[in-house]
1. Kindly write out, for region 93-101 in residue order, the coupling ³J(HN,Hα) from the Karplus curve 6.51 cos²θ - 1.76 cosθ + 1.60 (θ = phi - 60°), rounded to whole Hz, with x marking Gly and Pro.
2. Relative to the present Cα-Cα distance, how much length would full extension add between ALA70 and LEU93 at 0.36 nm per residue of separation?
Amino acid sequence: MGCPYRLTMPRIMLYTIFMATITFDTLRFAQTLRAAGVSESQAEAFAEAVRESHLFAEVATKADIELLRAEIRKDITDSRAERTRWIVSVGVLQSALIAALVIKLIV
């Protein structure tokens, strides 16, 4: 007697995760396991478990990684610019304070 689960098990599952598409053929996977001697119910259970694991996988694509790199480079550039502004501001403030102290000593 065949398992009624087979009627509802999709032939090919497509999952879109971020920008990646993962193709997983659950029927072929189950057939491969059955050919290797795994019982039909176990093969279908394994196929379902793998399918579900793909649903919750967070896979980063090359495009995702490149986007992250670009964001990090921008953050580094912004940090350098901000640090330079602080250094210049502190230098100007120190010069003003020294000038004020020298003027006070002279006057």
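Bear in mind these aren't lab numbers, they're just calculated from the coordinates by the rules spelled out. Everything numeric here is computed off the predicted structure, so don't read it as measured data.
1. Here the 3J(HN,Hα) series is 5, 4, 4, 5, 5, 5, 4, 5, 5 Hz.
2. Working: separation 23, 0.36 × 23 = 8.28 nm, distance 3.46 nm.
Gain in length upon complete extension: 4.8 nm.
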